[in-house]
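Encoded as structure tokens, the structure appears first; notes follow it.
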Amino acid sequence: MAALRLPPDYHLHTGRCGHAAGSVRDYALRAREMGLAEIGFADHIYMYWLPREERDPSLAMAEEELPAYVEEVFSVRREFPDLTIRLGIEADYIPGREEELRRILEAHPFDYVIGAVHYIDGWGFDNPDQAGGYEGRDPDALYQEYFKLVQKAARSGLFDILAHPDLIKKFGCRAAGDLTGLYHGTACTCNAFNVAVEVNTAGLRAPVGEIYPARAFLAFCLEQEVPVVLGSDAHHPDQVGADFDKAAALLCAVGYQDVALFNSRRRKTITL
């Protein structure tokens, strides 16, 4: 295993996603300034819960933008030979639409695919405009529903990485019951289906004020030998690598010594 200067940031968004700022080149320049040796882009794919006729351009790129996104990443990769730039994508897991998503993913040369759960029965629970949906809901039931979907995403075979694995806590929603079973079951599922999990620092910038996922969840992932990647979930170039010192400290405290890298959807590890 080879060591890098700083862990790669595999979760960068650009202005194409409709709710971020900056171009691929802007993020590459910032990564070079920070001394990162490797980054990866993961803009939101156009396919998500809403039907096409109700598409919200502030949530994801338009369908016709996907080829241009791929070419933009390749173009900047050629411009920055000193910086390893990976082509990724962030895709929502939508029950019942697995084959549709598979066809889209197989049509492009992604280095990795990040799977995410942003919806529960059509409710965008991480969207600030829909945060009122938490009112009157049982947090324990929400956690059960959420992690059930995360486990289904892992079992789908569509994804290399699971994004922000306990995103349901974003606005401070906390389960009253013991989460050990959900954490352990999800880690076991990731192990069984060879899926990595993301340690995502965007939670520090959210109302919950902590990294995704919880330390207890990561401990089960380590026990099950689930690989991890780091992601800032940057929506502005200034957020590239944000709080990676805290993420690295969390991983070391749990006992992780390695992080995963991806190339053409093949994984290897490097020392943290």
With a 1.4 angstrom probe the carbon and sulfur portion of accessible area for the chain, in percent, totals 48 percent
Estimated dipole of region 120-272 in Debye, rounded to 20 [Cβ of Lys and Arg +1, of Asp and Glu -1, Cα centre]:
440 debye
What fraction of the DSSP beta bridges in the chain is antiparallel, stated in percent and rounded to the nearest 5?
30 percent
Selected from Asn194, Ser156, His13, residue furthest toward positive end of dipole (the chain; charges at beta carbon):
Asn194
Which aspartates and glutamates, if any, have their Cα less than 14 Å from the Cα of Lys148, not counting same-chain residues under 8 positions apart?
Asp121, Asp140, Asp166
Considering only DSSP states other than H, G, I, E and B, which trypsin sites (Lys or Arg not before Pro) in region 129-174 qualify as loop sites with at most 14 other Cβ atoms within 10 Å?
Arg137, Arg174
Pulled fully out, how much extra length does the chain show between His108 and Arg137, if you take 0.36 nm times their separation in residues and subtract their Cα-Cα distance?
6.5 nm
Remind me, what semi-axes does the chain give for its equivalent ellipsoid, largest first in whole Å, using sqrt of 5 times each Cα gyration tensor eigenvalue?
26, 23, 18
Which three extents, in whole angstrom, do the alpha-carbon atoms of region 142-235 cover along their principal axes, largest first?
33, 31, 22
Taking region 213-256, which chymotrypsin sites (Phe, Trp or Tyr not before Pro) meet the DSSP loop condition and have no more than 11 other C-beta atoms within 10 Å?
none
Could you report the chain's accessible area per residue, 1.4 Å probe, as an integer in Å²?
42 Å²
Provide the gained length on full extension for the span Arg205 to Lys152, in nm with one decimal, where the gain is 0.36 nm per separating residue minus the Cα-Cα distance.
16.3 nm
Given C-alpha coordinates of region 50-177, what is the ratio Rg to Rh with the Kirkwood estimate of Rh?
1.01
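The values are calculated or read from the model by the stated rules, or taken from the named source; none is laboratory data. Being a predicted model, the structure only gives us computed values, none of them experimental. Note: ideal-geometry Cβ built from the backbone for every residue, glycine included; neighbour counts use all protein chains shown. Please note that ligands, DNA and RNA were not included when accessible areas were found on the heavy atoms of the full protein model with its side chains. Shrake-Rupley method; radii C 1.70, N 1.55, O 1.52, S 1.80 Å.
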